[in-house]
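The values are calculated or read from the model by the stated rules, or taken from the named source; none is laboratory data. Keep in mind the model is a prediction, meaning the values are calculated, not measured. Neighbour counts are summed over all protein chains in view; Cβ atoms, including those assigned to glycine, are modelled from backbone coordinates with ideal geometry.
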Amino acid sequence: METSSTRGLPKRLFSELEKRFFWWEPVGSQPRSDARILAQAMCLAGFDEVRRLEQLLGSDRLVETMLQAEPGWIDERSWEFWRGRLMRATGRRIPEAAPARSFDAGLV
């Protein structure tokens, strides 16, 4: 199977998800990471796409995406949906809340 250069996401799926779930150009010269693309898909996907991601990538891969997510990548509602679904499927521990942005770095 043809894969992208980062972390084994099937290249065709990577391209399809990026075209479907990103309508803006990447910031800077670096391409979007697989984790970023998957997080966006997990945030915006309908239920048919949710099932497709689970089937094609597996629950463990989706958990890894959640654990790698940066602040703002997955909204609270999607985080709770995926957290419950993936904890049940894998038995893995996932934080209760999505990573949050901090606008006062001096207090962190």
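For this structure, a couple of remarks:
- Selection status of residue 70, charged (D, E, K, R), modelled with pLDDT of 90 or more and over 10 Å from the mean Cα position of the chain (by Cα): no
- Flag if residue 24 is out of contact with any helix residue (DSSP H, G or I) (no Cβ under 6 Å at 6 or more places or on another chain) and modelled with pLDDT of 95 or more: no
- Residue in segment 48-69 that is surrounded by fewer than 16 Cβ atoms within 10 Å (Cβ to Cβ) and among the hydroxyl-bearing types (Ser, Thr, Tyr) present: no
- In segment 17-34, the residues that are surrounded by 11 or more Cβ atoms within 10 Å (Cβ to Cβ), of a type in the set (Lys, Arg) and farther than 17 Å from residue 68 by Cβ: 20
- Helices (runs of 4 or more DSSP H) enclosed by segment 27-106 - at least 3 residues per element that are within 18 Å of residue 12 (Cα to Cα) and in contact with a Ser or Thr (Cβ under 6 Å, 6 or more places away or on another chain): 34-44
- Pick from segment 9-26, criterion in a loop (DSSP other than H, G, I, E, B) and in contact (Cβ under 8 Å) with a residue 12 or more places away in the chain, ranking: nearest to residue 78 (Cα to Cα): 22
- Residue pairs meeting the criteria (Cβ under 8 Å; at least 6 apart or on separate chains; first under 9 Å from residue 63 (Cβ atoms), in segment 81-102; second basic (Lys, Arg)): 86/92; 87/93; 94/83
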